[in-house]
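What follows draws every value from the coordinates through simple rules; no lab data is involved. Everything numeric here is computed off the predicted structure, so don't read it as measured data. Positions of Cβ are backbone-derived with ideal geometry, glycine not excepted, and every protein chain shown enters the neighbour counts.
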Amino acid sequence: MRLVLLGPPGAGKGTQARALATLWGIPQVSSGDLLRTVVREDSELGREAASYMDRGQLVPDELVLKLIDERLRKKDARKGFILDGFPRNVMQAEALAKGLDKAGLKLDKAVAVIVPDEEIVKRISGRRTCAKCNAMYHVAFEPPKKPGVCDKCGGELYQREDDAEETVRERLKVFAEATRPLLDYYGRLGLLEQVDGVGRTDDVEKRILSAVNGVAPPPN
Ligand code: AP5
């Protein structure tokens, strides 16, 4: 299964990608997580990426494409992958298609998770992420057992820099302008499925599974 998960910030792409990756035994490939790893390394490249991310802007395509290309070449991605947060614009989608084509591969589906803006603001303001294992929580909808501590690895939970209200508004604007056109792009290719992202996370997962029915691998 080679799947793209599309959707605005806070739609639940990361939450769903992680669940599906476990179910299918293929990796979740998150461009946001790859970029945050580069930022943590405190290199010149990391500082450049952070300067875009902190403003809610897209990081230049060249850097993102390099990170994704390196990640998809790893052995665990041979069986398939779930792309979360990539592609983010038509240029990235075309580069992905070209890279897959060169390898004799193709995407199976692009699933857009649809969530209204007011729900997004609630989700993002309560999100907490583990600094060690990237597990995700929400202070109200999915709280950790002990506040500020990851249930899975005991790591410290933090709030992302780009989850400040003003930056979230900018990220929503960037989504509308740069990423939403991908719905038409994948629609024209006959790959698009749209799924309601509101409701319990396991209900959203069921909707995605039903949208990819026919191409999904058997559960792991
Ligand atoms: P990225 O990390 O990709 O962020 P994003 O797309 O803005 O998405 P989020 O991670 O905010 O949300 P999500 O949809 O994964 O939701 P989540 O599951 O966390 O990108 C960050 C930045 O990196 C970008 O702004 C850009 O600068 C740069 N970047 C990344 N990719 C790039 C690219 N390809 N090109 C250029 N630049 C790029 O859920 C959110 C919260 O809601 C959580 O707390 C969760 O617990 C909760 N939640 C999830 N589902 C539900 C539900 N059903 N009900 C209630 N709560 C829920």
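Below is a table of values for the structure above.
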| read-out | value |
| --- | --- |
| In Å, descending, principal axis extents of the Cα set of the chain | 45, 40, 34 |
| Distance violations [Cα-Cα > 20 Å] among Lys66/Lys132; Lys13/Lys122; Lys66/Lys98; Lys132/Lys152 | Lys66/Lys132 |
| Percent antiparallel among DSSP beta bridges (both partners in the chain, rounded to 5) | 30 |
| Selection from Val139, Ser125, Val149 lying farthest towards where the dipole of the stretch 113-154 points positive, charges on Cβ | Val149 |
| Residues of type aspartates and glutamates that Lys173 reaches as a straight line, Cα spacing below 19 Å, ignoring anything fewer than 8 places off in the same chain | Asp54, Asp61, Asp84, Asp117, Glu118, Glu119, Glu161, Asp162, Asp163, Glu165, Asp184 |
| 23 Å Cα-Cα threshold exceeded, pairs from Lys146/Lys206; Lys79/Lys109; Lys109/Lys206; Lys79/Lys106 | Lys146/Lys206 |
